[in-house]
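The values are calculated or read from the model by the stated rules, or taken from the named source; none is laboratory data. In this text the structure is predicted, and so the values were computed from the model without any measurement. Glycine also receives a Cβ, built like all others from the backbone with ideal geometry; neighbour counts cover every protein chain displayed.
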Amino acid sequence: MLSKNLIDLENLSVKEILDIIDLANKIKANPSEYANACQGKILATLFYEPSTRTRMSFSTAMMRLGGNVIGFDNPMNSSVSKGETLKDTLTVIGGYADIIAIRHPLEGSAEAAAMYSPAPIINAGDGGHLHPTQTLADIVTLYNEKGRLDNLCIGLCGDLKYGRTVHSLIKTMSRFKGNRFVLISTPELTVPQYIKDVMNNAGCEYTELTSLKEAMSELDVLYMTRIQRERFENDEEYERQKGVFVLDKEKLDLGKSDLRILHPLPRVDEIDYEVDDDERAKYFQQTVYGMYARMALFMTMLNGEKKVLKKYKNDGPYKDVICTNEHCITHQETYLPKRFKEYGDMLVCEYCENSTHK
Ligand code: NCD
């Protein structure tokens, strides 16, 4: 594996992604053979944001490989509550653990963590930005339950604006040929511009719809998501958005017989419980595939060369530019050097991918 961190699946080549899927399936078929594959290794899970399955999936994955787990699931029980910066926490924990999975409410936090941690970083969700290991879970599921990762018509429904699983999945599936996206949301919750840029640059066709019913018959995959309440400015805004899209038996009847329904979970009200028993519903199997995907990821990342930390200085040409995304980590951790890439007349923040005018 060339990259020592997994911030975005773009850090891996398509071949490396397929190798991880292959390894996940080998482990699933024969778990006892891998029971000591990470013996003596320590995973730290640093969860600055609530999580049930993702944190437990990471922990179980490491334990099933014979490794150990340290960490916190509530930053208020750690030195963070005393005002410790991300830099200091990661410098220290990166010296204790062999690998770190971090989840944080701000966008670009995983990229920032990777700059200071001597141990490789896995992005377990950075605000409303990305969630690459959920995508690994999604594509291991698709590979097994759909039989392919290309030439699919993929519907994504719900909160496409703040849904980080949606962003990572679109980015990754755009790299496989012939995939087409149907984006189903209210006008307020459409995908961010950088995700549209990804689809356009990859030459992927996409349509934006406001009706799930209208989309149903053409889909090979339906990826349902919850409205991300915690990312809204206020509760009224959330109340206006919730409950708009619900997959029920009536809509499901319009779907193809080989449709596959995925959901990163947790579900709120967007999939009716009666859908659970339909054989096209794969969201609970998806969590099991996710654990094997994380096992394969640990083995791959821990088998590479040692990570070497690069020194970053805040002396580039954009040192005084401020990222216009108010949820960007650079606003909280103000010591972070400004890092931007030029894109036409825009500057793209290397932490959160938001574009700011030059
Ligand atoms: C997702 C997340 O945290 O972004 N959950 C998960 O990791 N399985 C989706 C969500 O919270 O809606």
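Consider Met173 against the criteria (1) outside the structural domain of Leu23 (by TED's automatic domain parsing); (2) touching a strand residue (DSSP E or B) at 6+ places or on another chain (Cβ under 7 Å); (3) within 20 Å of Met62 (Cα to Cα): it satisfies all of them except one. Which criterion is unmet?
The one condition Met173 does not meet is (3).
Looking only at the stretch 155-162, decide whether some residue is within 19 Å of Asp19 (Cβ to Cβ) and among the small types (Gly, Ala, Ser).
Checked against the condition, which is being within 19 Å of Asp19 (Cβ to Cβ) and among the small types (Gly, Ala, Ser), the stretch 155-162 yields no hits at all.
Any chance the stretch 334-349 includes a residue that's among the small types (Gly, Ala, Ser) and modelled with pLDDT of 95 or more?
No, the stretch 334-349 contains no residue that is among the small types (Gly, Ala, Ser) and modelled with pLDDT of 95 or more.
Of all residues in the stretch 1-34, which are in contact with a helix residue (DSSP H, G or I) (Cβ under 7 Å, 6 or more places away or on another chain), more than 21 Å from Arg64 (Cα to Cα) and part of a helix (DSSP H, G or I)?
Leu9, Glu10, Ile17, listed by residue number.
Scan the stretch 243-262 residue by residue and report those that are within 16 Å of the ligand (Cβ to nearest atom), farther than 18 Å from Leu152 by Cα and surrounded by 12 or more Cβ atoms within 10 Å (Cβ to Cβ).
Val244, Phe245, Val246, Leu247
What number of residues in the stretch 263-283 are under 11 Å from Leu247 (Cβ atoms) and either in contact with a strand residue (DSSP E or B) (Cβ under 9 Å, 6 or more places away or on another chain) or among the hydrophobic types (A, V, I, L, M, F, W, C) (or both)?
10
If Thr330 satisfies every condition in (1) in contact with a His (Cβ under 8 Å, 6 or more places away or on another chain); (2) hydroxyl-bearing (Ser, Thr, Tyr); (3) under 17 Å from Ala114 (Cβ atoms) but one, which is the exception?
It fails just one condition, (1).
Kindly provide the set of residues from the stretch 33-48 that are touching a Leu at 6+ places or on another chain (Cβ under 9 Å) and among the small types (Gly, Ala, Ser), ordered by number.
Scanning the stretch 33-48 gives Ala35, Ala37.
Looking at (1) among the charged types (D, E, K, R); (2) within 16 Å of the ligand (Cβ to nearest atom); (3) in contact with a Ser or Thr (Cβ under 9 Å, 6 or more places away or on another chain), which is the only condition Glu84 fails?
Checking Glu84 against (1) among the charged types (D, E, K, R); (2) within 16 Å of the ligand (Cβ to nearest atom); (3) in contact with a Ser or Thr (Cβ under 9 Å, 6 or more places away or on another chain), the one that fails is (2).
How many residues are under 21 Å from Pro75 (Cβ atoms), touching a helix residue (DSSP H, G or I) at 6+ places or on another chain (Cβ under 8 Å) and within 16 Å of the ligand (Cβ to nearest atom) if we restrict to the stretch 99-133?
20
Of the residues Tyr96, Tyr34, which single one is hydroxyl-bearing (Ser, Thr, Tyr), away from the ligand (no atom under 16 Å from the Cβ) and crowded, with 18+ Cβ neighbours inside 10 Å?
Tyr34
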